[in-house]
Structure formats: structure tokens, C-alpha cells
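Reviewing the structure listed below.
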Amino acid sequence: MKALVVYYSRTGTTEKVAYEIAKKLNADIEKLTDNVKRSGIIGWLRCGRQAIKKELTELNPLKNDPAEYDLVVIGTPKWAGGITPHVRTYLSKNAKVIRKAAFFVTSGGGKHAELFSEMSKLSSFENVPNLGLTSKVVKRGDISVHVSKFIEELTSDA
């Protein structure tokens, strides 16, 4: 199964999970980027506002075409209760060419169901495997077992 892990990460937390998933799936990896300043307090506030308003962003060119993969695993941090503009834009532009999807989310406090629901609505993929991890778990380095269970779920019906 040819797999691609696509993610956005501002602080590196979601990126750690993305790399662990890609390693265990032997997948290609793609970080979503744009040219909006997101560092510092102003950047942090901008991020929250864009997530609340469900805004899209202008993504920098992608190196991987999701249509060439059997599975695309998409990850986002939780921003102000929502998904990032990067993932929203990616799903809006690419959902129709993705054959099979799975989602992962990182957050400061859990409660990931709403984000998975939002990602499902944007992509028209329902009941897909998903993984939600808190920043605390990621920072402790306790992600391997969680990611392994997620990978088992992804590959069990492949």
C-alpha cells in the first residue's frame, strides 16, 4: 500500500506524530506550508482567528499528488476548537482525488471528536480511522503505542 502522510504543525507537536506515522507506514510525508507569519503572539492570535472563522489559506506548492496514493493520512493541531486553515484548504482542494483517508489530531486538552467530524465533512470520508493525542502525551514521548494501534487499524482492512 502506497501511503502519504500530510500534516500542518506550527510548534512541532503534530510533526512528531506525522513522522512516527510515516515511519511505521513506510510512507511519504508532506508538510503543508503557507507564507503567513504565524510566530509570536500576533501569529498565534491570527491562527486562532482563522480557525474560528474556518478560513482557507494559500498553500505553497505541494511536492506529492494525493491521487497517486492508496492512503492519505492527514493531521492537524487543534486551533481554537477547529482545524488549521492549511488542512481545511488541503481537504477542500484534494478530497475528490483521495482514495482512502485517515485523520490524526493533536491538542492541548483532548476532545477530538468535533475535529474528526469537521474533517469528515470537508472530505466526504466517514467512519475513517483516526488518532487523537494530547500535547502532553507527545511531549512525554508516549506516542509509539498509540501510533502502532492506529497503523493496525489502517492496515487491517487494506
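One table, with the values for the structure above:
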item	result
Built amide H within the under 5 Å cut-off of F104, gap 5+	I74, G75, T76, L131
³J(HN,Hα) computed for each position of region 65-82 - Karplus, 6.51 cos²θ - 1.76 cosθ + 1.60, integer Hz, glycine/proline x	8, x, 5, 8, 10, 6, 9, 10, 9, 10, x, 8, x, 8, 10, 6, x, x
Highest to lowest packing among 136-149, 74-87, 106-119, 11-24, scored as the average C-beta count within 10 Å	74-87, 11-24, 106-119, 136-149
Long-range lysine pairs (8 or more apart or interchain), region 68-158, Cα under 16 Å	7
In sequence order, calculated HN-Hα J values of region 44-60 (Karplus, 6.51, -1.76, 1.60; Hz; x Gly/Pro)	4, 5, 4, 4, x, 4, 5, 5, 4, 7, 6, 7, 9, 9, 8, 6, 5
Residue-by-residue Karplus 3J(HN,Hα) for region 125-134, coefficients 6.51, -1.76, 1.60, Hz, glycine and proline x	9, 10, 6, 8, x, 9, 9, x, 10, 7
Dipole-positive endmost among G81, V145, L32 within the chain (Cβ charges, Cα centre)	G81
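Each value in this text was obtained by applying a stated rule to the coordinates, not by laboratory testing. The structure presented is a predicted model; accordingly, all values stated were derived computationally and were not measured. Don't worry about glycine lacking a Cβ; one is built from the backbone with ideal geometry, like all the others, and counts go over all protein chains shown.
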